[in-house]
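To start, the structure under review is shown below, and the notes come after it.
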Amino acid sequence: ADRATVGLAAFYLTLCLVWTGLLATQITDRKLNPDAAQNVRMASHVAHYWFYSFDRFEPPKKPTMEREPIPVFALAAWILINPELSNVRPYQELGQGRALVSLKKINLFWALFLHLGMCALIFLISSNLIWRLVVPPFIIVMTNLTFLNEYVDKLLTQLPAGCFLAWGAACMLLFVQRPTRRRAVILGISLALLALTKAVFFYISLGAII
């Protein structure tokens, strides 16, 4: 990569880290809504029992296929690797106090990858240096003030879906610019991740492929 590209990458990374860090102040112990609480319950079951279930008791016994798996498995992984969460039992304890704040911090990773995905997309849209310097800060600020401020304190699927949508769009643009087998595979994986995060995108992805 040339110096300009490396410099832009460093600029984008710094920009994304700063604005993601600012979002940390928006995370509170505010009670989860029913959908988010269900995601947390399922993630706890996956983390501790390797069982994908809606059950309200432990250990769970009845499996389900009624939720998109990527957000739940990501949340389960976060529970396992986070020392503040790995020993929190039963799952109801994850829905309050310090444990809930720590649990919600997974949204900062989603926000960071969303920011980076938007920067990648803007970089690919045009080779104009002014465009590449001016547009990303504007888009990131507007996204923080609207979409991310709305969802960073919740544990819903909209935030990871937004992340995969940005990267899916970037992968699609890459493929359109120069179709290759490798780029087709990468695009397929990105669309699959999006569909497994928000079911409605399964049909949108099929349309995009066709």
Among the candidates Leu13, Leu23, residue that is open to solvent by 80 Å² or more (accessible area, probe 1.4 Å), under 30 Å from Ala192 (Cβ atoms) and touching a residue at least 40 places away in the same chain (Cβ under 8 Å): Leu13
Answer yes or no as to whether Arg67 is charged (D, E, K, R), assigned to a helix (DSSP H, G or I) and open to solvent by less than 80 Å² (accessible area, probe 1.4 Å). no
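Residue-wise test of (1) open to solvent by 80 Å² or more (accessible area, probe 1.4 Å); (2) more than 21 Å from Thr5 (Cα to Cα); (3) at pLDDT 95 or above.
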| residue | (1), (2), (3) |
| --- | --- |
| Gln92 | yes, yes, no |
| Gln96 | yes, yes, no |
| Leu114 | no, no, yes |
| Gly117 | no, no, yes |
| Leu145 | yes, yes, no |
| Glu150 | yes, yes, no |
| Leu156 | no, yes, no |
| Ala169 | no, no, no |
Only one of these conditions is not met by Ser86: (1) open to solvent by 20 Å² or more (accessible area, probe 1.4 Å); (2) assigned to a helix (DSSP H, G or I); (3) among the small types (Gly, Ala, Ser). Which number is it? (2)
Quick one: how many residues across region 1-28 are touching a Leu at 6+ places or on another chain (Cβ under 9 Å) and assigned to a helix (DSSP H, G or I)? 13
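The values are calculated or read from the model by the stated rules, or taken from the named source; none is laboratory data. Please read these numbers as outputs of a predicted model, since none were measured by experiment. Glycine also receives a Cβ, built like all others from the backbone with ideal geometry; neighbour counts cover every protein chain displayed. Accessible surface is based on the protein model in full, side chains and every heavy atom, while ligands, DNA and RNA are left aside. Shrake-Rupley method; radii C 1.70, N 1.55, O 1.52, S 1.80 Å.
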